[in-house]
1. Taking the beta-carbon count within 10 Å as an exposure proxy, list B:58, C:110 from fewest neighbours to most.
2. Which order do peptides B:142-148, B:92-98, A:144-150 fall in by mean Cβ count within 10 Å, highest first?
3. Taking residue B:87 in one copy and the same position in all the others, each labelled 7 Å out along Cα→Cβ, what are the pairwise distances from the first, in nm, shortest first?
4. Any chance you could run the full-extension gain for residue B:33 through residue B:57? It's 0.36 nm times the residue separation minus the Cα-Cα distance, nm to one decimal.
5. The range B:51-76 to the range B:122-159: how many Å between their Cα centroids?
6. What gaps in nm, shortest first, separate residue B:170 from its twins in the other copies when you place the label 7 Å past Cα toward the beta carbon?
7. Mind ranking B:152-160, C:193-201 by how tightly packed they are, going by the mean number of other C-beta atoms within 10 angstrom, highest first?
8. Provide a whole-number value for the mean count of partner chain Cβ atoms within 10 Å of the Cβ atoms in peptide B:13-25.
């Protein structure tokens, strides 16, 4: 098995979802995790250097071949115009869930100032958001969190890769809002 | 569009079926068919020379990336650990068992309106449903219930964490677009 | 005025709620968010609501709640401020809560924009979507395959069924019932294992009130469903519970 890099390449291509390093190791059995990692890194560099239309990216806790984003106009032409864009309401709701998870519906509504039933339902349908459990308070409200698919769709390695909210404030040339409490990011809520 | 080879590569990766030469030409518009063909041939050679785990092959009247056939044992191993989803029939049967347990087969069939032998057996095999006991009525029908694994798969502490229908309605019942501020929510249902 | 009306009308459908409308007004008037002239903003806000009404469009309740909040703040601002701060904590700016809310909402609105600016799958980047290598048959030993399905799909499936057959009784499911089901399952499992148990044994160590009531209800339910039988050797004797049918 001298050429396990080729095997890794084949596995990543064949996998339906981003393929986790651990899973590759399980399949390869006798190769050190560090070596597998090195091989993947080499592959990433090779695809980049080759100016290929394909790149190997780390996303949602795994590796996946994707088309280069500059080429999207061409791929879109192939795929037709069924661009699955999210409405602003859905995006805002998703952003709140992503940064504040685990979160209940009432908390999302507090922030958005409107009822979020419809966008929340849309996000559940699209599997970008999932039910994480119930909060142990009277009424046992449902707790929501983001899914692995959310990471896949938004091209994130994991939740810690979400742009921090502080960075956003800087971009938006706000006067420094010292008094605002910094919402902390809850890291591990990716699903199994 | 000097680097149309990269575009071709991206198109082939993203295509749902083997991509025909003619279709590539339609998308690229201003490139000669002969040139497109030459680029594809170059790509095929490149992938071969690189000893990559992936090869570009002509199949079913088009081009497609495949894993190299020598590597199929590894790919098979990957597919063996593939995660499965439940068929709609299985999911419906499981839903009835989950919400109405303990329940006998005839009752499930009353609700689904069809024979549930096959999905029920599948659920037993997958260890999502188990035999809880027998009912002391003529025929001594088997009573079914959900398992611990069911709770694990659905990430539930116990059955009381299952969302109730009332809650589902709360998030799903679309108010008719009564306010102007929400019309874009509707599009959310139509896409994907 | 007509011009302005059209301007408003166009803007209306892009607001995501009262907070969004307020942010728009703040930006439009180039106002410092930390020092909102409440009277002005309230006036403009109410003007918008009037236009919505005049267009015969339904107004989400949240907009009206915000209107009353604004009016409330405005009236508070009109109250004379004591010259000297009293010994107690100095009176908070009546706008503080609203400002906090606006800033928080603004933060997430920007986060939403940033999210949609990322290279999105199926919009900017694409993954392989063809089934790979038909030659590779799926291995049949799916003994321990991972099942990928979420609870939402489950309840969706049930909801679908219910709406299809429209049986009202099916709707009578609530948390209480589900907790009871947990205990019913538990009781049946133990009975299958132990063959027979007394009520006390069924309770085990967990003897809180709720547990006793639920276990009792579970046994009653099981008897009703003809899944267990209860026997008593003498009056006031110990009640033993058996599975109704040997498995």
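1. B:58, C:110
2. My ranking of the peptides, most packed first, is B:92-98, A:144-150, B:142-148.
3. Distances between equivalent label points, in nm: 3.6.
4. Residue separation times 0.36 nm, minus the Cα-Cα distance, leaves 6.8 nm.
5. For the range B:51-76 versus the range B:122-159, the Cα centre distance is 42 Å.
6. 4.0
7. In descending order of packing, they fall as B:152-160, C:193-201.
8. Across B:13-25, the average partner-chain Cβ count within 10 Å equals 4.
Laboratory data are not the source of any read-out in this text; all were calculated from the coordinates shown. In this text the structure is predicted, and so the values were computed from the model without any measurement. Positions of Cβ are generated from backbone atoms using ideal geometry, with glycine treated the same way; all protein chains shown enter the neighbour counts.
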